[in-house]
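To start, the structure itself, in structure tokens.
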Amino acid sequence: MKNEKRAGGRRGADPSSGSSRLTGRGRMRRNVPVALAERSYEVEIGQDWLETIGRRIVDRVGSDRFALVTVPPVARRHAPILTRGLKARGAHVRRIVVPDGDATKNLTELGKLYDRFLDAGMDRQSAVISLGGGVVGDLGGFAAATFLRGISFVQVPTTVLAMVDASIGGKTGVNLPRGKNLVGAFHQPRGVYLDVATLRSLPPRQRSAGMAELIKAAAIWDAGFFDWLEPRIEAFLRLDPKVVIPALERGCGIKAEIVARDEREGGLRRLLNFGHTLAHAIEAHANFRGILHGEAVAIGMVFAAERSEALGFAPAGTRSRLESVLERAGLPTRPPSRPRRAYLSAIAVDKKKEGSRIHFVVSRGIGRAQTALLAPREILPPGWKA
Ligand SMILES: NC(=O)c1ccc[n+]([C@@H]2O[C@H](COP(=O)([O-])OP(=O)(O)OC[C@H]3O[C@@H](n4cnc5c(N)ncnc54)[C@H](O)[C@@H]3O)[C@@H](O)[C@H]2O)c1
Ligand SMILES: [Zn+2]
């Protein structure tokens, strides 16, 4: 067993005391910088401000032609408001609605997007906006990364998962029939705009799944934030703005800090895979149906915390604390019952592996994590049972 980079245990500031601006109508706005030299941008967080977001995007990107890539549930409810803002600044907007679901992240849909871009007369000065969850973020982002060798891209995430995770950091891509996210590019957005009001229409199960990634961020990086979030899980799920806005701000801040220090996944960014080794195995077994990614991550984190305690990385009690927070967030915590060898072969195909060993993210207690290079049988020891 070899220990690698350590990290975590950063300051524990109270997120609700962060810097905020009150807007004209007394609403809160928060900005989170993503510091990537000349590719820097900000995550701007607010509430009931989609139309303003439209105007801000035009001002920021300086384009007059946009493709707005979205999915039916979001197109219906939220796209018209964003479009109004874009048009108020004189922009041409082509709305492109792609089918819902992860299966849409494929090369055929990508090809259709390019056609629609050409139909809309898009050129190198045009820009793509993804409005929706991580699926349209990844698909629209990859289309923007590659169309005419790369045009500007903006993220307007409308799921918790996309807000705190997928929209930040510039990873874009599509799936291949043989696996998820096998084709992609790094293409940083020019801006990320969150309207927490869009979460009102997000089904509760999707809210919970997104919370898994938020809890993950706290668990690997910021014990103080974990302490703050722990008693506020229910308030987050009911979308109390006094909780949701500061929680998203800190969640985005953690992702931004990690990405700023390791844009292309040299090591630190791997910590974001906490819980993901087992999660990927669970998702693969389920054929990516019936279980949401965040749900698989919740199970994977409890497993990783349990293994971290057993291997001596984390103090006793780490797993139980994490588990009770995840349960309160409405998430599953126990792996589906399958033979150990089924799990072993699934984790052995993990693309984060190096030789026969895997970069497994272990907890060092709440708020701290590191990677350890482990053989599959060290991760799933003989006698382990799902
Ligand atoms: N690029 C990255 O760094 C990164 C990181 C994590 C995940 N991802 C990718 O993100 C994807 C998962 O993202 P996701 O969980 O957001 O899934 P998703 O995009 O499929 O959205 C989940 C569901 O919610 C619906 N929806 C979205 N916003 C809504 C709203 N406001 N109201 C009502 N319904 C709404 C969608 O139509 C969909 O049915 C995966 O493809 C994953 O690979 C990418
Ligand atoms: Zn994830």
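Nothing in this text is a laboratory measurement; each read-out follows from the coordinates by a stated rule. Note that this is a predicted model, so its numbers are computed, not measured. Cβ: placed from backbone, ideal geometry, glycine included. Neighbour counts: every protein chain shown.
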Notebook entry, point to check: What is the extension gain from His92 to Thr108, computed as 0.36 nm multiplied by their sequence separation minus the C-alpha to C-alpha distance, in nm to one decimal?
Noted result: 3.2 nm
Next item on the list: Note down the magnitude of the dipole of the chain about its Cα centre, charges +1 on Lys and Arg C-beta and -1 on Asp and Glu C-beta and zero elsewhere, to the nearest 20 debye.
Entry: 180
Notebook entry, point to check: How far is helix 79-88 tilted off the main Cα axis of the chain, in degrees rounded to 10, range 0 to 90?
Noted result: 40
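Can you bin the range 35-201 into rounded, prolate or oblate? Criterion: square roots of the alpha carbon gyration tensor eigenvalues sorted a ≥ b ≥ c, rounded for a/c under 1.5, prolate for a/b above b/c, oblate for the rest. Write out the running numbers ahead of the final one.
Numbers: a/c = 1.30, a/b = 1.20, b/c = 1.08.
Note, shape of the range 35-201 comes out rounded.
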Margin query: Relative contact order for the range 231-386: what percent, with Cα pairs under 8 Å and sequence separation of 6 or more?
Written below: 22
Margin query: Can you compute the modelled spin-label distance between Arg77 and Ser201, with each label point 7 Å from Cα toward Cβ, in nm?
Written below: 0.6
Check: How do Ser201, Ser63, Ser130 rank when sorted from fewest to most other Cβ atoms within 10 Å of their own Cβ?
Finding: Ser201, Ser63, Ser130
Margin query: I'd like the orientation of helix 107-119 relative to the chain: the angle between its Cα long axis and the longest Cα principal axis, in ° from 0 to 90, rounded to 10.
Written below: 20
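According to the square roots a ≥ b ≥ c of the eigenvalues of the Cα gyration tensor, what is the shape class of the range 264-386, taking rounded for a/c under 1.5, prolate for a/b larger than b/c otherwise, and oblate for the remainder?
Numbers: a/c = 1.27, a/b = 1.02, b/c = 1.25.
Rounded, because the longest to shortest axis ratio a/c is under 1.5.
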Next item on the list: Return Ser363, Ser356 ranked ascending by Cβ neighbour count within 10 Å, so the fewest neighbours appear first.
Entry: Ser356, Ser363
Next item on the list: Report the charge-dipole magnitude of the range 35-201 in Debye, nearest 20, computed about the Cα centre from +1 at each Lys and Arg Cβ and -1 at each Asp and Glu Cβ.
Entry: 260
Check: Cα gyration tensor of the chain, axes a ≥ b ≥ c as square roots of the eigenvalues: rounded (a/c below 1.5), prolate (a/b > b/c) or oblate?
Finding: prolate
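Would you mind checking the pairs Lys180/Lys216; Lys87/Lys216; Lys112/Lys242; Lys216/Lys242; Lys112/Lys171 and listing those with alpha carbons more than 32 angstrom apart?
Beyond 32 Å: Lys87/Lys216; Lys112/Lys242.
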Next item on the list: Name the residues whose placed amide hydrogens come within less than 5 Å of the amide hydrogen of Ala314, ignoring near sequence neighbours (fewer than 5 apart) on the same chain.
Entry: Glu309
Notebook entry, point to check: So how strong a dipole does the range 107-173 carry about its Cα centre when Lys and Arg Cβ are +1 and Asp and Glu Cβ are -1, to the nearest 20 debye?
Noted result: 140
Checklist line | Cα long-axis angle, helix 276-285 against the chain (0 to 90 degrees, to the nearest 10) | finding: 80
Item checked: Rounded to 5, percent antiparallel among DSSP beta bridges of the chain -> 50
